[in-house]
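Comments concern the structure below.
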Amino acid sequence: MKPEHLLKEVYDAEKFRILGHQLIDQLADNLQLNLSRSRDKVIDFIAPDQSYAYWEAASFSDMETFFKTVMERSIQLEHPRYMGHQVSAPAPLAALASLQGALLNSGGAVYEMSAAASTIEKLVIDRLKPFFGLDQGDGIMTSGGTIANITALLCARNVNTNDVAWTQSQGQKYAFMVSEEAHYCIERAIRMMGWGDTGIIKVPVDTQYRMQCQELPALLQKSKDENIQVLGVVGSAPTTSTGMYDDLEAIGAFCQQHHLWYHIDAAHGGPAVFSKKYKHLMSGCAYADSITVDAHKMMMTPSLTTMLFFKESRNSYRTFAQQAHYLWSDNEAEWFNYGKRTMECTKLMMSTRLYALMVAYGMEVFEVYLDQCYDITKKFAAILHADATFEVAVDPDSNILCFRVLQETEEKTNQVNVHVRKRLLEDGSFYIVQTNLHQKVFLRVTIMNPFTTIEDLKALVAKIKQVM
Ligand SMILES: *Cc1c(COP(=O)(O)O)cnc(C)c1O
């Protein structure tokens, strides 16, 4: 094809229309197949090298077949027997907003490039922040909880050192205190900031896997004695492995007393604030200086859609206290030029995904969804408690549950749980994961799909007994 014809073909509106309709039909059929459980496998596991060989050899006569093949060879998050990692089965409406965002491709750093998306971003943050008790606050949207967390810690560092850590190479040792069960990205963020081994002070957890807050004063004193400046504490809401919420009130009171930055990593469970039944889990969150919330976990949006809230609006401008003159005329606080406050320069259009759900279904949808997922996980724990084959690690706060098959010895118990998880992956009719808690292997489910039923969970129990 001649170059000018090739590019016309690439941007042909009619061809896009036809293929687009075909793709939406395919995706709608797949959704139906999954929700009706007519698809028998959640995952058709293929070893990485085998997968590579397949794709390397594959050729496609038309793009409809290409899209279908990608779909067939992917894990099915919409399937009610998907209970693995904490990623949502996106609401189709939110996915449509993603598709629109992909085509409009509004940058997001500067207002002129993203008038609708940036304004909606502010609207989403303004509507949601009161639920966290941060009425006077502000926030940004960014690409994932990992980036939101490092953004918050960078901001804490600038605020609590009066920008010394931003402008000068570091002589002083800084640290954050965080539960030993916190998400690994907190430690990674601290090491990326160059604080090294002494930068993370791990607070032990209790038998419920919650931070032992009574240890905080002694750990703070020990750091002072070692000339380490503790800048803040990170609370988990909840922790990733066990889904247990830290005592957010207790950590908040401690931070206030000692003038420490209080960050809450509520990537998974922040949306509990929308639920009358579960908002008590987030009580104390209004103490926070910053809060991370992933909408692609418990708010049904596609990945990545993350909010980072700040208690003080002006702090949200302190993270990257540097100027980019070609983008902004001065360094004034301008809510509409989000690039000043985010790690990203070019940014995904993520605000419309969340706002589309708010417009179409109202705030209630987030409550109904969270209640469904949290409620059924408690019921699953009750089923496991009643069955002597199993042990539950801890009664769940959220929709994350760790449990294991018991054997006569610890060694055998570990072996059989590794075996069960492996067999389930090979079988593919359910998808669950595993985790280690105090050197013990546990099976782990996160019930993200609002259509998972008690029957699905009983079938999982039966399947585990069959493969163990
Ligand atoms: C998922 C999660 C993260 C990481 O968020 P991403 O959006 O995957 O980058 C961080 N902290 C907690 C508690 C999480 O559950």
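A few points about this structure:
- Carbon plus sulfur fraction of accessible area for segment 215-348, probe 1.4 Å, in percent: 52 percent
- Annotation note: trypsin sites (Lys or Arg not before Pro) in segment 418-468 located in DSSP loop regions with a Cβ neighbour count of at most 14 within 10 Å are absent.
- Computed with a 1.4 Å probe on the full set of protein chains, the accessible area for Leu406 sits at about 70 Å².
- Accessible area per residue, Å², the chain with all protein chains present, probe 1.4 Å: 46 Å²
- Antiparallel bridge percentage (DSSP; both residues within the chain; nearest 5): 55 percent
- Shape category assigned to segment 352-468 from the gyration tensor of Cα positions, a/c cut at 1.5: prolate
- Separation between Cα centres of segment 129-193 and segment 44-83, rounded to whole Å: 38 Å
- Where both bridge residues fall in segment 120-250, DSSP classifies roughly 10% of the beta bridges as antiparallel.
- Flagged links, alpha-carbon separation over 21 Å, of Lys422/Lys463; Lys297/Lys347; Lys297/Lys465; Lys202/Lys379; Lys129/Lys279; Lys202/Lys378: Lys297/Lys465; Lys202/Lys379; Lys202/Lys378
- Gyration tensor (alpha-carbon) shape descriptor, the chain, a/c threshold 1.5: oblate
- The heavy atoms of Ile18 offer some 100 square angstrom of accessible surface to a 1.4 angstrom probe.
- The dipole here belongs to the chain: it is taken about the Cα centre, uses +1 on the Cβ of Lys and Arg and -1 on the Cβ of Asp and Glu, and is about 240 debye.
- Along the axis of the charge dipole computed for the chain (Cβ charges of +1 for Lys and Arg, -1 for Asp and Glu, origin at the Cα centre), the listed residues Val461, Pro450, Tyr209 are led at the positive end by Val461.
- Taking chymotrypsin sites (Phe, Trp or Tyr not before Pro) as exposed when DSSP calls them loop and at most 16 other C-beta atoms lie within 10 angstrom, the chain has its longest site-free stretch at 61-325.
The values are calculated or read from the model by the stated rules, or taken from the named source; none is laboratory data. Worth saying up front: this structure is predicted, and the values here are computed from it rather than measured. Cβ coordinates were reconstructed from backbone atoms using ideal geometry, including for glycine residues, and neighbour counts include every protein chain displayed. Side chains are part of the model used for accessible areas, which takes the heavy atoms of the whole protein and leaves out ligands, DNA and RNA. Shrake-Rupley method; radii C 1.70, N 1.55, O 1.52, S 1.80 Å.
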